[in-house]
Amino acid sequence: MILEAAIIAGALGWTGTVWAASDDAPAPESTEDDPLSPYRTPFRVLTERTIGVASQPVEFDWRRTRAQVAVTGHQLFELNNYDSLRVGLLGRFPVERYLLEAGVGYVFVGDTPSSGRLALTPYRQPGRPARLELDFMFGLPLAEGVVTTAPRWFPAVELVLMAYVGVRYAVYPGVLQGLTVREGTAAVLSPRMSDPELANLEERRLPGMQIDRARYGPMVAIGNDVYFTQGLFLSPRFTLAVPLLAAATESELRWWGDATVAVGMAF
């Protein structure tokens, strides 16, 4: 009886040990029965890998650049019959999640068949002669992400939809001729040109042109910044003049547009 009791107790103890082991951790499956087991990753490892991952994909982080330099080409639409083209340089400076821009360009203004015919009549149309222009813009990214392009062999790029607001200032060489220092300082700050300034520009205007008095005005723009991995970027945009200062500038051009393409490098 003692021997039988010992045998039964030993069997029960061994069975309890097996049950406890099965409750704590299941026996590992054989790699021979599960061919995918070498490729499985524990959930704990996956959660650790996702910590610190950016919420948006970035092909080129333009916010980490110090400065961006570009050459620009513009086609102006000034609601008249003259042909205005502009070329210039653009500097862009990322500040946190925003973009500050400063640009300078020279505007070439030429006649067209329509403006030539109008010049044969006693009528004039508002316009602006050849000039320098200074731009100061503030850019706000609206949406961005990595996009693929066509053809498929072309590399992926970072696409940023940008909105801009700023000021464009026109500089006419020789417009301050004959003015005193005080008069010249007041003229530079004034939103519109005075009669003596218009008289200085009389020889520079094209036939049939009535010079617009506006010296500067607010601008808004929308465009796409396309960044390549190496830092090269392409930035087409459309800029629109907003006549908020039309009463102060006595401008007759009011709403007019500027189609721009900038090509440059981010450093």
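The values are calculated or read from the model by the stated rules, or taken from the named source; none is laboratory data. Since we're looking at a predicted model, the values are computed, not measured. Virtual Cβ from ideal backbone geometry, glycine too; neighbours counted across all protein chains shown.
Below are the figures for this structure:
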{"quantity": "Filter result for residue 201 (in the same structural domain as residue 163 (by TED's automatic domain parsing), farther than 25 Å from residue 67 by Cβ and in contact (Cβ under 8 Å) with a residue 24 or more places away in the chain)", "calculated": "yes"}
{"quantity": "Of the criteria (1) surrounded by fewer than 18 Cβ atoms within 10 Å (Cβ to Cβ); (2) in contact with a helix residue (DSSP H, G or I) (Cβ under 6 Å, 6 or more places away or on another chain); (3) among the polar types (S, T, N, Q), which one residue 81 fails", "calculated": "(1)"}
{"quantity": "Test: residue in the range 149-157 that is touching an Asp or Glu at 6+ places or on another chain (Cβ under 9 Å), under 26 Å from residue 233 (Cα atoms) and modelled with pLDDT of 95 or more", "calculated": "no"}
{"quantity": "Count of residues meeting criterion [under 36 Å from the mean Cα position of the chain (by Cα), under 25 Å from residue 216 (Cβ atoms) and surrounded by 13 or more Cβ atoms within 10 Å (Cβ to Cβ)] in the range 109-136", "calculated": "14"}
{"quantity": "Close pairs (8 angstrom Cβ cut-off, 6 or more residues apart or separate chains): of a type in the set (S, T, N, Q) and surrounded by 12 or more Cβ atoms within 10 Å (Cβ to Cβ) in the range 50-68, at pLDDT 90 or above and assigned to a helix (DSSP H, G or I) anywhere", "calculated": "68/62"}
{"quantity": "Cβ pairs under 9 Å, 6+ apart, first in the range 101-112 and among the polar types (S, T, N, Q), second crowded, with 17+ Cβ neighbours inside 10 Å", "calculated": "112/81; 112/82"}
{"quantity": "Criterion (at pLDDT below 95, within 26 Å of residue 83 (Cα to Cα) and not hydrophobic (A, V, I, L, M, F, W, C)) met by exactly one of 192, 254, 213, 237", "calculated": "254"}
{"quantity": "Any chance residue 63 is modelled with pLDDT of 80 or more, under 29 Å from residue 146 (Cα atoms) and part of a helix (DSSP H, G or I)", "calculated": "yes"}
{"quantity": "Yes/no for residue 262 being at pLDDT below 95, hydrophobic (A, V, I, L, M, F, W, C) and either out of contact with any Phe, Trp or Tyr (no Cβ under 8 Å at 6 or more places or on another chain) or assigned by TED's automatic domain parsing to the domain that holds residue 66 (or both)", "calculated": "no"}
{"quantity": "Residue check for residue 15: β-branched (Val, Ile, Thr), modelled with pLDDT of 75 or more, out of contact with any Phe, Trp or Tyr (no Cβ under 9 Å at 6 or more places or on another chain) and over 30 Å from residue 130 (Cα atoms)", "calculated": "no"}
{"quantity": "Close pairs from the range 37-48: first surrounded by 10 or more Cβ atoms within 10 Å (Cβ to Cβ) and modelled with pLDDT of 75 or more, partner in a loop (DSSP other than H, G, I, E, B) and not β-branched (Val, Ile, Thr), Cβ under 7 Å, at least 6 apart", "calculated": "37/29"}
{"quantity": "Cβ pairs under 6 Å, 6+ apart, first in the range 70-82 and over 18 Å from residue 116 (Cα atoms), second small (Gly, Ala, Ser)", "calculated": "70/262; 70/264; 72/88; 72/262; 75/259; 76/84"}
